[in-house]
Amino acid sequence: MRSLSVLFVGGTGKISSACVTRALEAGYDVYALNRGQTTLRPLPAGATSLCADVRDPGATKTALKGMEFDSVVDFTIREPAQVGTDIEIFAGRTGQFIFISSASAYQKPVARLPITESTPLSNPFWEYSRKKIACEEAFMAAYRDNGFPVTIVRPSHTYDPTGLPFDGGWTVVDRMRRGKPVVVHGDGSSLWALTHHDDFARAFVRLLANPSTIGDSFHITTDELLSWDQIHHQVARAAGVEATLVHVASETIAKVIPEWGPPILGDKAHSVIFDNSKIRHVAPGWSALIPYSEGARQTIEWMDQHPERQVVDPKVDAAFDLLAEKYS
């Protein structure tokens with residue numbers, strides 16, 4: 001009996017890297033199609049690298065000449081215009097195509113909790129989310145009209161040890177270690193779900209080459225709920241310090257740091273509680289095992305081992321000083 005095959009478009013990102021590893025462990029023949037430019041998360045032994053830019057259909061078709069797959073997973077689509085390119089390349093080449101969307105596409109503010117896969121998709125605050133919604137609609141139209149075998153997956157905030165959950169990144173930890181206050185949106189009590197990429201991947205691989213998931217959508221998130229105050233304090237403890245938090249209205253932060261406005265107002269400012277029963281129907285017994293206290297420890301340990309990643313943004317640092325002075 002031949003092994004099942006899966007092609008990851010990307011395969012070296014914070015989520016896809018764990019999915020590649022878990023797919024290999026599950027016995028898949030794993031291929032990764034990318035431009036070969038990422039060194040942060042190299043492909044593990046056993047995965048086959050294919051070099052091409054998926055946004056170049058000619059080069060991609062050349063790289064994939066004669067190849068077919070049981071599943072193709074694209075982690076890179078952000079624009080509705082990219083949907084047609086993927087359909088052109090992969091129609092007839094795969095038994096299943098998994099589009100990685102985003103849980104930020106769910107209705108904001110959410111009319112009722114918990115969030116399920118049938119929660120409406122609507123986000124007037126964040127263009128990124130609206131584009132993901134448009135991508136989903138285009139893929140589902142292709143499924144209805146032409147039988148394109150799409151499965152939609154909506155990750156929420158999924159992390160690996162190389163990154164922090166704050167828009168300010170390392171600047172936040174640097175301020176904590178210098179004893180300076182850090183800014184938290186709202187009153188710090190909105191609930192959030194931080195999912196370790198390996199927990200995500202353990203459930204995700206159960207969707208691969210699974211015909212019962214075609215034409216359907218799934219989210220995969222932890223059941224651990226933390227307030228943003230708790231998240232900041234857990235990172236501070238992992239960094240060996242205590243955090244001084246200053247609460248500032250989300251709208252005010254958006255005015256002072258405009259690029260933070262859409263992801264805060266369109267996602268982080270809203271409490272999220274996810275119902276994961278649908279993915280558990282596909283992956284019986286699955287649950288997220290890594291609490292964020294452990295995830296924060298992994299992240300700080302990794303960052304301390306990679307000082308070149310400890311980049312302080314002077315604009316963010318100055319904005320925090322301004323906001324902390326005014327609202328502390």
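Read the figures in this text as sums done on the coordinates, not as results from a lab. Everything numeric in this text was worked out from a predicted model, so none of it was measured. Ideal geometry is used to build each Cβ from the backbone, glycine not excepted, and the neighbour counts take in all protein chains shown.
Some observations on this one:
- Cβ crowding within 10 Å averaged over residues, with 88-96, 314-322 ranked highest first: 88-96, 314-322
- Between Val72 and Leu7, Gln96, Phe97, Ile98, the built amide H atoms are under 5 Å apart, and every one of these is 5 or more places off in sequence or on another chain.
- Put in line by how crowded their Cβ is, counting other Cβ atoms within 10 Å and starting with the fewest, Val83, Val9 read Val83, Val9.
- Label zone at Ser277 (point 7 Å along Cα-to-Cβ), backbone N below 15 Å, the stretch 106-146: 113-119
- Between Ser3 and Ser293, the simple label model (points 7 Å from Cα in the Cβ direction) yields a spacing of 3.9 nm.
- Residue-span extension gain [Ser328 to Arg177] - 0.36 nm each, minus C-alpha spacing: 52.5 nm
- When each of the peptides 113-120, 134-141, 266-273 is scored by how many other beta carbons lie within 10 Å of its residues on average, the order from highest to lowest is 266-273, 134-141, 113-120.
- Whole-Hz couplings from phi, Karplus 6.51/-1.76/1.60, listed for the stretch 33-48; x for Gly and Pro: 9, 7, 7, x, 9, 9, 10, 5, 10, x, 5, x, 4, x, 8, 9
- Shape call, the stretch 259-328: gyration tensor on alpha carbons, a/c limit 1.5: oblate
- In this label model, Glu68 and Thr48 are separated by 1.5 nm, measuring between points 7 Å along each Cα→Cβ vector.
- The long axis of helix 81-90 is offset from the longest Cα principal axis of the chain by roughly 40 degrees.
- Computed extension gain for Ala111 through Val311, at 0.36 nm per residue and net of the alpha carbon distance, reaches 68.2 nm.
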